[in-house]
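Comments concern the structure below.
The values are calculated or read from the model by the stated rules, or taken from the named source; none is laboratory data. The structure presented is a predicted model; accordingly, all values stated were derived computationally and were not measured. Glycine gets a Cβ as well: all are built from the backbone with ideal geometry, and neighbour counts include every protein chain shown. What goes into the accessible areas is simple: the full protein's heavy atoms, side chains included, and nothing from ligands, DNA or RNA. Shrake-Rupley method; radii C 1.70, N 1.55, O 1.52, S 1.80 Å.
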Amino acid sequence: MHVPLVVLGGGPGGYAAAFLAADLGMEVAIVDRDERLGGTCLLRGCIPSKALLHVGRVLAETRELEDWGVSFPAPAIHLDALRARKDKVIATLTGGLATLARRRNVKIVQGEARFTGSGSLEVKTATGSEQVSFDHCILASGSRPARIPAFDIGSPRVMDSTGALELRDVPESLLVVGGGYIGLEMGTVYAELGSKVSVVELTDTLLPGADRDLVKPLQQRLEKLFADILMRTKVIRLEDLGSAVRVHFEGSAGPFTREFSRVLMAVGRRPNSDGLGLETTGVVVDAKGFVGVDDRQRTADPRILAIGDVCGEPMLAHRASHQGKVAVESLHGEPAVFAPRCIPAVVFTDPEIAWAGLTEHEAAAADRPVEISRYPWAASGRAHALGRTDGLTKLLVDPETEAVLGVGIVGPGAGELIAEGALAIEMGCVARDLMETIHPHPTLGETVAFSAENFFGLATEIYRPRAEAAAR
Ligand code: FAD
Ligand code: NAD
């Protein structure tokens, strides 16, 4: 079979690229080993984890209502029904993608693909193997959980994020190895469902890449939700005892052991660039396994472009989709480049953490002068009405031009609120633009405008002595 454009991988990068290509009149096929479209994000990532986090959040809210004089009996959790409801979300969305692909005449080839040269793939299907030749290929093969060989003890009690999302049971105790995105999101899910969750993190902070001001309120809440958080601690060895896993740790106070019903490994992800036959093409892969691309998503092989997790960090679905669109537009002859001013990031914990653009530690590392305005949610009427004054909205502003360089938010709904920050950065807004845009009251969104007011020392709900405010 010959297809002018083949997209290898049907995740948020691959299907966004293929659908746009079809919309622009190209003949396109998606090859994926999975029988359903959606990739990691839809089938075993973003969507199932957010469905379960929604349940966890509602459970937490029922407890918080006690403070308002409303109490509920302890919840009964019917795991089979919960699992089925989560799977229904996935089935609905993946079914929608299949319909969209059919309507657009996008061919779907199910099978394991491998390059056999710059212009061809061999696809191992259920019935044999198929040769697919192409004029161009967009490689969107994504990533998989990083594995630490010493911890591969073949125990059903040790799982990765895919296993955790299957929700086989609610273990009495769960050790989460890695205090990053997955560790904290899935740790929150299991803790809300009733597991005693411990987190072990190698470095001296949770979410090492995130702003400290944002992590602090999250950590304070997680210290109450989780059984414990072990920082600067290493897992040395895992032992399957049959009924539990014995974990050997090395901490600042020396070695110790503890037993857990289950262990979740969440120590990062690796690009799916190996085993693809890329050595038969001109594609260049770096030491970490990421495929090298230019700002038009072109690899070193003129027929092959690459997008999403396989070509670098941050490994986020919205980055993959945007790169997919740039790749197609560049094949279509448009002057498209992937050069965003910011790629927003959200950790969907409670509180959520979200940021866009420059962070304080990036500014410090680059020796870049910034002015920082922090607006504590304790000054927001809406936050009080929600009983969530633990939030913070933070702006990083260029001291000379007053351009908004970075926005960070922690608090419930931060993941929704950050879109305004991303737009402000992308549009080159100055702090005054945010201040003078009328935000509806009472909303958490107002805190973005209020933090801009605070930058000028003029926030209604925050008193700053005149001398300090006049410094601006
Ligand atoms: P993928 O989605 O990984 O898709 C790659 C596809 O390629 C897969 O379908 C795979 O089957 C196919 N494939 C690979 N190799 C072959 C081959 N040889 N032959 C045939 N097919 C092949 N990101 C967010 O932005 N927000 C979130 O909330 C979020 N939550 C996450 C939660 C979890 C638990 C995990 C694991 C990830 C999460 N992510 C989140 C990350 C997000 O899932 C990825 O960034 C995104 O899926 C990357 O998209 P992609 O198209 O590059 O690759
Ligand atoms: P991560 O990089 O976010 O976090 C991994 C953590 O594990 C780090 O804090 C690291 O210091 C720690 N670590 C590494 N080795 C360790 C060890 N031996 N012992 C203890 N700690 C160790 O990786 P992740 O949580 O696995 O997630 C992978 C990627 O998937 C993320 O980086 C992100 O790109 C994506 N993701 C995004 C979302 C979202 O957007 N909300 C959610 C989940 C996953």
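Odds and ends about this structure:
- ALA74 meets all of the listed conditions (1) over 24 Å from GLY163 (Cβ atoms); (2) near ligand 1 (Cβ under 10 Å from one of its atoms) but one, namely (2).
- Taking first residues from the range 433-462 that are of a type in the set (D, E, K, R) and partners that are in a loop (DSSP other than H, G, I, E, B) and open to solvent by 20 Å² or more (accessible area, probe 1.4 Å), the Cβ contacts under 6 Å between residues at least 6 apart in sequence or on separate chains come to GLU446/HIS439.
- Scanning the range 298-311 for residues that are open to solvent by less than 10 Å² (accessible area, probe 1.4 Å) and within 16 Å of ligand 2 (Cβ to nearest atom) returns ILE307, GLY308, VAL310.
- Scanning the range 217-226 for residues that are touching a residue at least 24 places away in the same chain (Cβ under 8 Å) and exposed (fewer than 15 other Cβ atoms within 10 Å of the Cβ) yields one hit, GLN220.
- Of the residues making up the range 166-179, those that are touching a helix residue (DSSP H, G or I) at 6+ places or on another chain (Cβ under 7 Å), open to solvent by less than 10 Å² (accessible area, probe 1.4 Å) and more than 10 Å from ligand 2 (Cβ to nearest atom) are LEU167, LEU174.
- Just one of (1) more than 27 Å from LEU417 (Cβ to Cβ); (2) under 22 Å from the mean Cα position of the chain (by Cα); (3) not acidic (Asp, Glu) fails for ILE304. It is (2).
- Unmet criterion (only one of (1) out of contact with any helix residue (DSSP H, G or I) (no Cβ under 6 Å at 6 or more places or on another chain); (2) in contact (Cβ under 8 Å) with a residue 12 or more places away in the chain; (3) under 30 Å from SER133 (Cβ atoms); (4) part of a helix (DSSP H, G or I)) for ALA16: (1)
- Of residues in the range 129-154 being away from ligand 1 (no atom under 15 Å from the Cβ) and either modelled with pLDDT under 95 or in contact with a Gly (Cβ under 7 Å, 6 or more places away or on another chain) (or both), the one least open to solvent (accessible area, probe 1.4 Å): PHE151
- LEU93 vs. criteria over 23 Å from SER143 (Cα atoms), surrounded by 13 or more Cβ atoms within 10 Å (Cβ to Cβ), in the same structural domain as THR281 (by TED's automatic domain parsing) and touching a residue at least 12 places away in the same chain (Cβ under 8 Å): no
- Screening HIS54 against (1) open to solvent by 60 Å² or more (accessible area, probe 1.4 Å); (2) touching a residue at least 40 places away in the same chain (Cβ under 8 Å); (3) within 16 Å of ligand 2 (Cβ to nearest atom) leaves a single unmet condition, (2).
- Just one of the numbered conditions (1) touching a Phe, Trp or Tyr at 6+ places or on another chain (Cβ under 8 Å); (2) open to solvent by 40 Å² or more (accessible area, probe 1.4 Å); (3) away from ligand 1 (no atom under 14 Å from the Cβ) is not true of HIS322: (3).
- Pick from the range 19-35, criterion part of a helix (DSSP H, G or I), out of contact with any strand residue (DSSP E or B) (no Cβ under 6 Å at 6 or more places or on another chain) and not acidic (Asp, Glu), ranking: surrounded by the most Cβ atoms within 10 Å (Cβ to Cβ): PHE19
- A Cβ distance below 7 Å, combined with a sequence gap of six or more or placement on separate chains, defines the contacts here; from the range 280-298, residues that are within 22 Å of GLU329 (Cα to Cα) reach residues that are exposed (fewer than 14 other Cβ atoms within 10 Å of the Cβ) in the pairs GLY292/VAL284; GLY292/ASP286; ASP295/VAL337; ASP295/ALA339; ARG296/VAL337.
- The range 162-200 - residue that is in contact (Cβ under 8 Å) with a residue 60 or more places away in the chain and of a type in the set (D, E, K, R) and, of those, farthest from ligand 1 (Cβ to nearest atom): GLU172
- Among the residues of the range 36-48, those that are aliphatic (A, V, I, L, M) and either within 16 Å of ligand 2 (Cβ to nearest atom) or open to solvent by 40 Å² or more (accessible area, probe 1.4 Å) (or both) comprise LEU42, LEU43, ILE47.
- Residue list for the range 98-122, restricted to those being outside any loop (DSSP other than H, G, I, E, B), surrounded by 21 or more Cβ atoms within 10 Å (Cβ to Cβ) and under 30 Å from the mean Cα position of the chain (by Cα): ALA101, ALA113, PHE115
- Looking at VAL263, VAL328, VAL283, just one residue is part of a strand (DSSP E or B), at pLDDT 95 or above, β-branched (Val, Ile, Thr) and open to solvent by less than 50 Å² (accessible area, probe 1.4 Å), and that residue is VAL263.
- Scan the range 123-141 for residues that are touching a residue at least 24 places away in the same chain (Cβ under 8 Å) and either more than 23 Å from THR299 (Cβ to Cβ) or assigned to a loop (DSSP other than H, G, I, E, B) (or both) and the total you get is 3.
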